[in-house]
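Notes follow once the structure below has been shown.
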Amino acid sequence: MPSSAAVRLQSRVDKFEDRRRELADAALLTLADLGYARTSLRTIADKTSFSHGLLHYYFADKIDLITYCVRRYKDACVQRYEGLVAEASTPDELAAACGNGLAATLADAPLMHRLWYDLRSQSLFEEAFRDDVAEIDGSLQDMIWRLVRAYADLTGTQPTCSPSAAYAMFDGLFQQALQRHLAGSETALDDLRDSSRDLLPRLFV
């Protein structure tokens, strides 16, 4: 049995993390709207009900806040996407669910995905971002590879590419569709849906 001191300590840790999540959720819209370069803790404080001092207590700086927000959002995206494809029971159903899931994910929050690509670009210049970006990229690559392995199990075949290559192809389709969608293209989502559905079978012999 844990001691009462350990229980109290864990309770404080849980409350601290709950508060960080609350502040991050409140900051997400501002971050997604303005992007990395135009956002500071003070900017977020001005656009939310939280003070600059409170934000700074829970987050060391805007890098800490932005990486926390993006990681939290991407984790939710992975769970939601895998839920969309989990019910597919044939190769065609899985390929269709792949395209539908990516299009739905993009349509749900394009500005959040823009923030992710902004953060990934910034990691080329800001060393402080690199470990977090690499970890998020790794989780997304694992998500795509689980999809590829599920297709392999349904078809009894083996993929002809590596996990990193599969992720690069799907990520390229997604980023291109995001750019077009934000520019006002009426076909970007449909093109992403169709291209992703068609890409999956092409990764196999």
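Every read-out reported here was derived from the displayed coordinates using simple, explicitly stated rules and does not represent laboratory data. Being a predicted model, the structure only gives us computed values, none of them experimental. Cβ coordinates were reconstructed from backbone atoms using ideal geometry, including for glycine residues, and neighbour counts include every protein chain displayed.
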When you scan segment 45-67, how many residues do you find that are part of a helix (DSSP H, G or I) and under 17 Å from Q122 (Cβ atoms)?
6
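Considering only segment 94-205, give the helices (runs of 4 or more DSSP H) lying wholly within it that have at least 3 residues that are among the β-branched types (V, I, T).
Fully inside segment 94-205 and qualifying: 127-155.
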Give segment 177-205 a look and list any residue that's within 20 Å of A97 (Cα to Cα) and small (G, A, S), or say none.
A177, A188, S195, S196
Among the residues of segment 142-160, are any among the hydroxyl-bearing types (S, T, Y) and more than 20 Å from A97 (Cα to Cα)?
yes
Residue tally, condition without any contact (Cβ under 8 Å) to a residue 40 or more places away in the chain and more than 13 Å from the chain's Cα centre (by Cα), over segment 121-146:
8
Test: residue in segment 74-89 that is more than 21 Å from R180 (Cα to Cα), in contact with a Lys or Arg (Cβ under 6 Å, 6 or more places away or on another chain), part of a helix (DSSP H, G or I) and touching a residue at least 40 places away in the same chain (Cβ under 8 Å):
no
Taking A177 and the conditions (1) over 20 Å from W116 (Cα atoms); (2) out of contact with any Cys (no Cβ under 8 Å at 6 or more places or on another chain), which numbered condition does it fall short on, given that it satisfies the others?
(1)
Please tell me if Q141 is touching a Pro at 6+ places or on another chain (Cβ under 6 Å), within 25 Å of D64 (Cα to Cα) and crowded, with 17+ Cβ neighbours inside 10 Å.
yes
Tell me which residues, restricted to segment 49-76, are under 23 Å from the mean Cα position of the chain (by Cα), over 16 Å from H113 (Cβ atoms) and crowded, with 16+ Cβ neighbours inside 10 Å.
L55, Y58, F59, K62, I63, D64, L65, Y68
Taking the condition buried (at least 16 other Cβ atoms within 10 Å of the Cβ) and over 10 Å from the mean Cα position of the chain (by Cα), does A86 pass?
no
Filtering segment 152-187 down to residues that are touching a residue at least 60 places away in the same chain (Cβ under 8 Å) and not β-branched (V, I, T), which residue is surrounded by the fewest Cβ atoms within 10 Å (Cβ to Cβ)?
L182
Of the residues in segment 31-63, those that are of a type in the set (D, E, K, R) and either closer than 27 Å to R12 by Cβ or without any contact (Cβ under 8 Å) to a residue 24 or more places away in the chain (or both) come to R38, R42, D46, K47, D61, K62
Would you call D118 surrounded by 14 or more Cβ atoms within 10 Å (Cβ to Cβ) and touching a residue at least 40 places away in the same chain (Cβ under 8 Å)?
yes
